[in-house]
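A.B. asks: Once you've had a glance at the structure underneath, I'll fire off some questions.
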Amino acid sequence: MIHLYGTTDVGTERGTVLPTASAGENLRLALAYFLPGHLAGLFRTRPRVAALAARLDAARHGLETMRRMRRRHGRGPVLVRGTSGPTLLVLDADDARQVLAGPVDVYAVDTWEKVAGFAEVQPDTLIASHGRQRTVRRAFNDSVLDAGCPVHRLADHFLRVVGEEASSLLGPRAVAGLDAEAVRERFERVGRRCFLGEAAADDVEFSRLLGELLAEANWLGARRWRTAAARRARRRMMLRQSRYLSDADPRSLAGLFTAAPRGPETAPECQLTHWFMGLSVVQAAAVQALALLATHPRQHERALVELRAADRRHGSRTVAGFLDMPYVRACVQDAARLWPPVTGLMRRTTGETRWRDAVAPGGVNVLVPAAFHARDGERLDYAHRFTPEKWLDGTAEADWAISPFSRGEAQCSGMELGLQLATGFVAELLRGGELAVSGVRLSPARPLPYSFDATRLRIGVRPTGHRTEADA
């Protein structure tokens, strides 16, 4: 339910209160930001709704509403009515850092939306956990996904897998133009091979069941008459998954389970669900990066020069080659900045939190609108431009308000692995030939749009006859 009207002042005993949104501001925020995001799908995108939101330019209207609120109310968080009650809307970059750098036992990640959404999909997943459960599950995730490592220990195999799957799209189909659905199917296959092992490569039923559950999660438990059907689908999905875990492929993430730290509450088999869900984020970043490279000649040429040099020195689809392609990786990162996979990072406070001279009580939601901060033209001179170099010189990395994969203790454990897979995919299509794109309007000559509509997108790859020395 979207709450539209008045809020309660939050402040100190001395009377200093946090700014409070008016009824009109709450209404505009609900219609331009909260409602389109929920209708488009929190857990699995509803393509038609997302396309309509893009045509209506809902993202721009939502972010402009936030910008007007900051001009009126100043730096401090603004108390608004969110989807599950009073919410502190964080519109200042310093406040965003406070939240994202803060401990998860104060700024907890298991918000109502996540718990309700994952209730039938995977209630024991890390993202819906708190306290001791989150600690043990995070340790398991960090270990298996090699969180914080530049490359995963199985990266050599994973880069070959993603290269093979991307290469399978080349040919007449790519010349005619690849749609987002074709790329999604390849990434799902990458996930099955890398996460569950080669035996799962063709198990499209597993991916179908997971997609069905994520689509149901969009309803946040509101369709109670669907509970029994969702539970049956989950049992079928988990049964299929168990086949691959019982005799785990040593070249898969499942093969690393036995060496990872675990306890009675770890539920290792349940963590896989979120990893597969994360692949949709990886796929989106790869598609967006390809569309940007196809429409930005200078960045495309620099990426291609770097790729060819790396292939000459190390061969294609190698760890050494990946490490020698920081610019291609930065292209993926900046694509995710421009259109963040998660537009808003929601937390809930478990105790009092201080915001300069004001104090908010525990039990209040906190929303860091990642898309707003990444496209804040009043603060960033590169807000609406494709600027991979900002990741190479440390500018974007040092700015905690720019957080396409979250930050701090809640940063995605698989961020590095996801970037490896997306970079490997983009690199393979760059090797395939000349890029072209239709269905989106992107240009270095004008500010990039606030929304990226993949429903009409077609990415063409036309062979140029070029062969790198590594291929010779």
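The values are calculated or read from the model by the stated rules, or taken from the named source; none is laboratory data. Remember, it's a predicted structure, so these values are computed and weren't measured experimentally. Cβ: placed from backbone, ideal geometry, glycine included. Neighbour counts: every protein chain shown. Areas reflect the complete protein model, heavy atoms only, side chains present, ligands, DNA and RNA absent. Shrake-Rupley method; radii C 1.70, N 1.55, O 1.52, S 1.80 Å.
A.B. asks: From the list V437, V364, which residue is in contact with a Ser or Thr (Cβ under 7 Å, 6 or more places away or on another chain), more than 26 Å from A182 (Cβ to Cβ) and not aromatic (F, W, Y)?
C.D. replies: V364
A.B. asks: Same structure, new question: For the stretch 115-133, enumerate the residues that are within 19 Å of L145 (Cβ to Cβ) and either open to solvent by less than 50 Å² (accessible area, probe 1.4 Å) or at pLDDT below 90 (or both). I'd like the intermediate steps shown before the answer.
C.D. replies: Step one: list which residues in the stretch 115-133 are within 19 Å of L145 (Cβ to Cβ), which gives 118, 122, 124-129, 133.
Across the stretch 115-133, the qualifying residues are F118, Q122, T125, L126, I127, A128, S129.
A.B. asks: Looking for something closer than 25 Å to L345 by Cβ and in contact with a Gly (Cβ under 6 Å, 6 or more places away or on another chain) - is there at least one such residue anywhere in the stretch 113-127?
C.D. replies: Yes - at least one qualifying residue is present in the stretch 113-127.
A.B. asks: Here is a further query. Scanning for something touching a residue at least 12 places away in the same chain (Cβ under 8 Å), more than 22 Å from Y244 (Cα to Cα) and of a type in the set (K, R), does the stretch 133-150 turn up at least one residue?
C.D. replies: Within the stretch 133-150 (the criterion being touching a residue at least 12 places away in the same chain (Cβ under 8 Å), more than 22 Å from Y244 (Cα to Cα) and of a type in the set (K, R)), the answer is yes, since at least one residue qualifies.
A.B. asks: Something else: Is the stretch 34-50 home to any residue that is farther than 25 Å from G362 by Cβ, modelled with pLDDT of 90 or more and in contact with a Lys or Arg (Cβ under 9 Å, 6 or more places away or on another chain)?
C.D. replies: yes
A.B. asks: In this structure, is R173 over 21 Å from R251 (Cα atoms) and surrounded by fewer than 16 Cβ atoms within 10 Å (Cβ to Cβ)? Break it down into steps so the answer makes sense when it comes.
C.D. replies: Numbers: over 21 Å from R251 (Cα atoms): yes; surrounded by fewer than 16 Cβ atoms within 10 Å (Cβ to Cβ): yes.
Judged against the criteria, R173 is a match.
A.B. asks: While we're looking at this one, here's another question. Answer yes if at least one residue in the stretch 153-166 is closer than 24 Å to A410 by Cα and open to solvent by 40 Å² or more (accessible area, probe 1.4 Å), and no otherwise.
C.D. replies: Yes - at least one qualifying residue is present in the stretch 153-166.
Each row is one residue, and each column tells you yes or no for (1) in contact with an Asp or Glu (Cβ under 9 Å, 6 or more places away or on another chain); (2) within 30 Å of W112 (Cβ to Cβ); (3) not aromatic (F, W, Y).
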position	(1), (2), (3)
A320	no, no, yes
D334	yes, no, yes
F405	no, yes, no
C412	no, yes, yes
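A.B. asks: Would you say A116 is within 22 Å of the chain's Cα centre (by Cα), closer than 23 Å to A360 by Cα, touching a residue at least 60 places away in the same chain (Cβ under 8 Å) and in a helix (DSSP H, G or I)?
C.D. replies: Numbers: within 22 Å of the chain's Cα centre (by Cα): yes; closer than 23 Å to A360 by Cα: no; touching a residue at least 60 places away in the same chain (Cβ under 8 Å): yes; in a helix (DSSP H, G or I): yes.
Answer is no for this residue.
A.B. asks: Check D156 against each of (1) in a loop (DSSP other than H, G, I, E, B); (2) modelled with pLDDT of 95 or more and name the one condition it does not meet.
C.D. replies: Going through the list (1) in a loop (DSSP other than H, G, I, E, B); (2) modelled with pLDDT of 95 or more, D156 breaks only (1).
A.B. asks: A further question on this structure: What tally of residues in the stretch 366-383 results from selecting those that are farther than 21 Å from V80 by Cβ and either hydrophobic (A, V, I, L, M, F, W, C) or under 19 Å from the mean Cα position of the chain (by Cα) (or both)?
C.D. replies: So the count comes out to 2.
A.B. asks: Are there any pairs, at least 6 apart or on different chains, whose C-beta atoms fall under 7 Å, with the first in the stretch 272-284 and among the small types (G, A, S) and the second open to solvent by 30 Å² or more (accessible area, probe 1.4 Å), and if so, which?
C.D. replies: G278/C412; A284/P341
A.B. asks: Have a look at L63, L52, L42 and point out the one that is open to solvent by less than 30 Å² (accessible area, probe 1.4 Å) and aliphatic (A, V, I, L, M). Show your work before the answer.
C.D. replies: Values: L52 fails: open to solvent by less than 30 Å² (accessible area, probe 1.4 Å); L42 fails: open to solvent by less than 30 Å² (accessible area, probe 1.4 Å).
After ruling out the rest, the residue left standing is L63.
A.B. asks: Looking at the stretch 74-93, can you tell me whether even one residue there is among the β-branched types (V, I, T), assigned to a helix (DSSP H, G or I) and open to solvent by less than 50 Å² (accessible area, probe 1.4 Å)?
C.D. replies: The answer is no; no qualifying residue exists.
Conditions tested, residue by residue: (1) under 30 Å from D95 (Cβ atoms); (2) over 25 Å from the mean Cα position of the chain (by Cα).
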| residue | (1), (2) |
| --- | --- |
| Q288 | yes, no |
| A303 | no, no |
| R313 | no, yes |
| D334 | yes, no |
| W339 | yes, no |
| G344 | yes, no |
| R348 | yes, no |
| T353 | yes, yes |
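A.B. asks: Can you tell which of E216, E181 is touching a residue at least 60 places away in the same chain (Cβ under 8 Å), open to solvent by 10 Å² or more (accessible area, probe 1.4 Å) and acidic (D, E)?
C.D. replies: E216
A.B. asks: With respect to the numbered conditions (1) under 19 Å from G418 (Cβ atoms); (2) of a type outside the set (V, I, T); (3) open to solvent by 40 Å² or more (accessible area, probe 1.4 Å); (4) in contact with a Gly (Cβ under 6 Å, 6 or more places away or on another chain), which one is the sole condition not fulfilled by R189?
C.D. replies: Failed condition: (4).
A.B. asks: Filter the stretch 95-113 down to the residues that are of a type in the set (D, E, K, R) and assigned to a loop (DSSP other than H, G, I, E, B), then identify the one that is most open to solvent (accessible area, probe 1.4 Å). Working first, answer last.
C.D. replies: Step one: of the stretch 95-113, the residues of a type in the set (D, E, K, R) are 95, 97, 105, 110, 113.
Going one step further and asking which of them are assigned to a loop (DSSP other than H, G, I, E, B), we end up with 105, 110.
Details: D105: 96, D110: 23 Å².
Restricting to residues being of a type in the set (D, E, K, R) and assigned to a loop (DSSP other than H, G, I, E, B), the top hit is D105.
A.B. asks: Kindly check whether there is at least one residue in the stretch 199-207 that is hydroxyl-bearing (S, T, Y) and within 22 Å of Q411 (Cβ to Cβ).
C.D. replies: no
A.B. asks: Restricting to the stretch 409-432, what's the tally of residues that are over 20 Å from H314 (Cα atoms) and touching a strand residue (DSSP E or B) at 6+ places or on another chain (Cβ under 9 Å)?
C.D. replies: Qualifying residue count, the stretch 409-432: 2.
A.B. asks: List the helices (runs of 4 or more DSSP H) inside the stretch 356-472, counting only whole elements, that have at least 2 residues being without any contact (Cβ under 8 Å) to a residue 12 or more places away in the chain and surrounded by fewer than 23 Cβ atoms within 10 Å (Cβ to Cβ).
C.D. replies: Counting at least 2 such residues, we get 395-398.
A.B. asks: Can you pull out every residue in the stretch 44-58 that is part of a helix (DSSP H, G or I) and either among the basic types (K, R) or under 30 Å from V17 (Cβ atoms) (or both)?
C.D. replies: R48, R55
A.B. asks: Please work out which one of (1) of a type in the set (A, V, I, L, M, F, W, C); (2) surrounded by fewer than 18 Cβ atoms within 10 Å (Cβ to Cβ); (3) under 20 Å from the mean Cα position of the chain (by Cα) is the condition A199 fails and give its number.
C.D. replies: Checking A199 against (1) of a type in the set (A, V, I, L, M, F, W, C); (2) surrounded by fewer than 18 Cβ atoms within 10 Å (Cβ to Cβ); (3) under 20 Å from the mean Cα position of the chain (by Cα), the one that fails is (3).
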